[in-house]
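Worksheet for the structure shown next.
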Amino acid sequence: MTATLSDGTTVVHGPKRPGTPALEARHLTKHFPVHQFGPGRTRQVVHAVEDISLALPEATVTAVVGESGSGKSTLARLLTQLITPTSGELLLDGVPVGRSAKARREYTRLVHLVLQDPFSSLNAVHSVRYHLERPLKLHKRASRDDLDTKARQLLERVSLSPSERFIDQYPHELSGGQRQRVAIARGLAVEPRVLLADEPVSMLDVSIRLGVLNLLDELRERERLAILYVTHDIASARYLADTALVMYAGQVVESGPATQITDAPAHPYTQLLLSAAPDPARTDPPVLRGRGAPPSLVNPPSGCRFHPRCPFAMAVCKEAAPPPLPVATDQVAACWLHSPEHAPKTNPPAAGNAAKDF
Amino acid sequence: MSAPTAVPAPRAETADIVLEVRDLCIDYGVGSSAVRAVTDANLTLRRGEVLGLAGESGSGKSTLAYGLTRLLRAPGVISGGEVLFHNRPQNSAFGAAPGEVVPAATEIVDLLGADMAKLREIRWSQLAVVFQSAMHALNPVARIDAQLTDVLKAHRAQMTAEQRRERAVELLRMVGISADRLRSYPHELSGGMRQRVMIAMALALEPQVVIMDEPTTALDVVTQREILEELMQLRERLGFAIIFITHDLSLLIELADSIAIMYAGRIVERAGADELFHAPRHPYSLGLLNSFPALHGEKVRMEGIPGSPPSLTALPGGCAFHPRCPYAMDRCRTDIPQLVPPAADPGRAAGQPRVAACWLQDGFQEPPAPLRRSAVGNNGDSNGARGADETHGSEL
Ligand SMILES: Nc1ncnc2c1ncn2[C@@H]1O[C@H](COP(=O)(O)OP(=O)(O)O)[C@@H](O)[C@H]1O
Ligand SMILES: Nc1ncnc2c1ncn2[C@@H]1O[C@H](COP(=O)(O)OP(=O)(O)O)[C@@H](O)[C@H]1O
Ligand code: SF4
Ligand code: SF4
Ligand SMILES: [Mg+2]
Ligand SMILES: [Mg+2]
């Protein structure tokens, strides 16, 4: 799949809003070199992220969903500039991001990454106060006299109130959810435009996950942040996000309004994910829409990367990579089933008796 | 007001019971430094039943599992209670092995009092365990077929090497591992494959009970679902009962026949899976249900549960949930509620009375609406206990 259609236009994933998005990525690609020893080996790469174009408007949440290894974290890290893309470019408020040290520093301030593990993202020997005052000082966001007030305001902004209860505590004295809030508050200290949250709740206790998701929801409105929410939990993506992107083997296979992606999934991989997701409202055991595990990204399958697992695979699927095709308002799916020339004349075969023998 | 006393699970209908846990208490440490990790746990498992045990991390699920199989390691000690295993070895679904002793009737074994010889006889062959991390339970330097044939060699001495090998192949095939992976070492397999090997090992001797502690938590949803499908098919075929432990209540409701919810070391509610989903009786169960966003329907703002789970060393007095409970009353801060049938609830889960440990259900006041829904006639509400709860839900 490529993000460029036959007519030369590019499909840009993400919430559709008027105006310039806070952060835009064009044709982002990341190939990690595979280390091999001995002479005469061809240079191999891991195709971790392949030609993704994405726009994150302010005051929106975009979810990235997929199984582990699909490239979600690599995409998030590319967006932070923690890793250098193999190709592609980033635009912050419409301006291409420069490579100078100063430009990078400014970028780091404006685009903040929140990690999965709230235990390792805070320094155990420092208090909450230190974690919050340091970025305020570094980025000159507060005068000496203001530091305490500003730090307390940050705690209130992430609902750690009353702030005096938390400000002089150490990370080990906080619960996982509280630590994650401090990690977010630290990001807010420098007034970012974009918050990238990579599985921010998956290590937290079940009952406190929603509190952190609701906080992200509030920050979207109140701070007008452009938020990227990376998760393997498609139900939480539906809950929080405006738009969801489904990734498979380094590519975006479907994107669209989050409820539409879960209520009317158009790509067979999205359908597979949903058929496997826990759902207490289900009355009958689910019928899995496909089997097996994601492929190696060193030698990804030809054509559609999902074809070895796809219950609907056709001859063309092995030959050619499907472009993102419109399936509904603002919803695209990279699947030949949605192309007029390849769509089967009858309805797609049922999951169980799919033809795979081509 | 006198506190209702705990009702023991009924002794009468014992025919299909396979495991009973009564008033089990487990501590870490002894003397003044001891902390109680499991308090007065009562469970009844029937033949072929899937009993789900749900709760947040630290609520004592694993401790309970280790305790009732006597696999607890120091400083863990069992400080009270009984675990009764109703031993009734079946004829092998693979064809009875020659020389296998089949007791005439069910023998009730007190697992906590049993000597090591008796435990060895029961553990694995009749009561098997699958733990979360296969990497810790598999031998890293042995090929997987050898690990299986070794189990058979140790417990089924009468089988020939050829029979053992055939059985190993069949077991691995049953859990979806093809013959070409037999010679692999554990590290050469994916996480899902290793978990499948663990399940094959647990089922190798056709136990009557399998205890699974977060067996699929580390896996992707598709792999998780494949493994669960295989597991349920095997249960149909081999008839074992399962205690399935997970923090994922939403998965458990799909999977289990009945569910026990743990909080801070105590079982706070036990009910049929559907009853629990549509008509929870304990505020913590309701809160947990409200912590899993739904895959369908209107987007509704959900709140989860305020605060965070307590530490065992600083358990709140009275009902341990009271600092987080939106319905807490004065008495909740001082008196510990017993696990009893809700006053207004004749409902029975799989032949057992449904029970909840909450003062709201003692009959002296009407429980709040979300905690007195009827489990039946509620089918139009696909979101179960959530969504319909006006006091907790608002448009997102
Ligand atoms: N630094 C790296 N070097 C080589 N391969 C990497 C590196 N980081 C990630 N990968 C590979 O890129 C792919 C995508 O990984 P990742 O982005 O972490 O996926 P996800 O977050 O969806 O689980 C995987 O195959 C992973 O092994
Ligand atoms: N070896 C140990 N020593 C002391 N405390 C322990 C030990 N193992 C577990 N605990 C405590 O017992 C409680 C229950 O733990 P556990 O049974 O692992 O819970 P769960 O499986 O529900 O996450 C926790 O508070 C934990 O800290
Ligand atoms: S039908 Fe073809 S293009 Fe569509 S997902 Fe399946 S294999 Fe890919
Ligand atoms: S006993 Fe009281 S505090 Fe405990 S769950 Fe019931 S109402 Fe809440
Ligand atoms: Mg990741
Ligand atoms: Mg555990």
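The values are calculated or read from the model by the stated rules, or taken from the named source; none is laboratory data. For clarity, every value in this text was computed on a predicted model and none was experimentally measured. Glycine gets a Cβ as well: all are built from the backbone with ideal geometry, and neighbour counts include every protein chain shown.
So that you can scan it fast, the table gives a plain yes or no per residue for (1) more than 30 Å from A:His139 (Cβ to Cβ); (2) crowded, with 23+ Cβ neighbours inside 10 Å:
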site	(1), (2)
A:Gln180	no, yes
A:Gly187	no, yes
A:Pro192	no, no
A:Glu223	no, no
A:His232	yes, no
A:Leu240	no, yes
A:Tyr248	yes, yes
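It is to be established whether one or more residues within region A:53-69 are touching a His at 6+ places or on another chain (Cβ under 8 Å), away from ligand 6 (no atom under 16 Å from the Cβ), at pLDDT 95 or above and more than 17 Å from A:Val230 (Cα to Cα). Scanning region A:53-69 turns up no residue that is touching a His at 6+ places or on another chain (Cβ under 8 Å), away from ligand 6 (no atom under 16 Å from the Cβ), at pLDDT 95 or above and more than 17 Å from A:Val230 (Cα to Cα). Exactly one condition in (1) more than 14 Å from every other protein chain (Cβ to nearest Cβ); (2) within 16 Å of ligand 5 (Cβ to nearest atom); (3) in contact (Cβ under 8 Å) with a residue 60 or more places away in the chain is not met by A:Phe32; state its number. Only one criterion in (1) more than 14 Å from every other protein chain (Cβ to nearest Cβ); (2) within 16 Å of ligand 5 (Cβ to nearest atom); (3) in contact (Cβ under 8 Å) with a residue 60 or more places away in the chain is unmet by A:Phe32, namely (3). Is it the case that some residue within region A:256-264 is among the acidic types (Asp, Glu), without any contact (Cβ under 8 Å) to a residue 40 or more places away in the chain and out of contact with any helix residue (DSSP H, G or I) (no Cβ under 8 Å at 6 or more places or on another chain)? Checked region A:256-264: at least one residue is among the acidic types (Asp, Glu), without any contact (Cβ under 8 Å) to a residue 40 or more places away in the chain and out of contact with any helix residue (DSSP H, G or I) (no Cβ under 8 Å at 6 or more places or on another chain). Is region A:252-274 home to any residue that is under 19 Å from A:Val114 (Cβ atoms) and within 10 Å of another protein chain (Cβ to nearest Cβ)? Checked region A:252-274: no residue is under 19 Å from A:Val114 (Cβ atoms) and within 10 Å of another protein chain (Cβ to nearest Cβ).
Does A:Leu155 count as within 14 Å of chain B (Cβ to nearest Cβ) and buried (at least 19 other Cβ atoms within 10 Å of the Cβ)? Give the derivation first.
On the way: within 14 Å of chain B (Cβ to nearest Cβ): no; buried (at least 19 other Cβ atoms within 10 Å of the Cβ): yes.
Considered against the rule, which asks whether it is within 14 Å of chain B (Cβ to nearest Cβ) and buried (at least 19 other Cβ atoms within 10 Å of the Cβ), A:Leu155 comes out as no.
Residues in region B:277-319 that are surrounded by 18 or more Cβ atoms within 10 Å (Cβ to Cβ), among the hydroxyl-bearing types (Ser, Thr, Tyr) and either more than 12 Å from chain A (Cβ to nearest Cβ) or more than 20 Å from B:Ile336 (Cβ to Cβ) (or both): B:Ser291, B:Ser308. Could you check, for region A:128-140, whether at least one of its residues is exposed (fewer than 15 other Cβ atoms within 10 Å of the Cβ) and hydrophobic (A, V, I, L, M, F, W, C)? Yes, region A:128-140 contains a residue that is exposed (fewer than 15 other Cβ atoms within 10 Å of the Cβ) and hydrophobic (A, V, I, L, M, F, W, C).
Condition check ((1) more than 28 Å from B:Leu312 (Cα to Cα); (2) within 23 Å of the chain's Cα centre (by Cα); (3) in contact (Cβ under 8 Å) with a residue 12 or more places away in the chain) across all residues:
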site	(1), (2), (3)
A:Ala124	no, no, yes
A:Val128	no, no, yes
A:Lys137	yes, no, no
A:Leu155	no, no, yes
A:Ser161	no, no, no
A:Ala185	yes, yes, yes
A:Leu188	yes, yes, yes
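Could you tell me whether any residue of region B:184-207 is free of Cβ contacts under 8 Å to residues at least 24 places away in the same chain, part of a helix (DSSP H, G or I) and either within 16 Å of ligand 6 (Cβ to nearest atom) or more than 13 Å from chain A (Cβ to nearest Cβ) (or both)? Yes, region B:184-207 contains at least one residue that is free of Cβ contacts under 8 Å to residues at least 24 places away in the same chain, part of a helix (DSSP H, G or I) and either within 16 Å of ligand 6 (Cβ to nearest atom) or more than 13 Å from chain A (Cβ to nearest Cβ) (or both).
So, in region B:248-276, of the ones that are of a type in the set (Gly, Ala, Ser) and under 12 Å from the mean Cα position of the chain (by Cα), which residue ends up farthest from the other protein chains (Cβ to nearest Cβ)? Please lay out each step first, then the result.
Our first condition is that a residue be of a type in the set (Gly, Ala, Ser); within region B:248-276, this holds for B:250, B:256, B:258, B:260, B:264-265, B:271-273.
Checking which are under 12 Å from the mean Cα position of the chain (by Cα) leaves us with B:256, B:258, B:260.
On the way: B:Ala256: 11, B:Ser258: 14, B:Ala260: 16 Å.
Of everything passing the filter in region B:248-276, B:Ala260 is farthest from the other protein chains (Cβ to nearest Cβ).
Taken over region A:201-231, the criterion of being within 14 Å of chain B (Cβ to nearest Cβ), within 16 Å of ligand 1 (Cβ to nearest atom) and not aromatic (Phe, Trp, Tyr) is satisfied by A:Val201, A:Ser202, A:Met203, A:Thr231. Residue count for region B:283-322 satisfying the condition of being among the hydrophobic types (A, V, I, L, M, F, W, C) and within 24 Å of B:Ala37 (Cα to Cα): 10.
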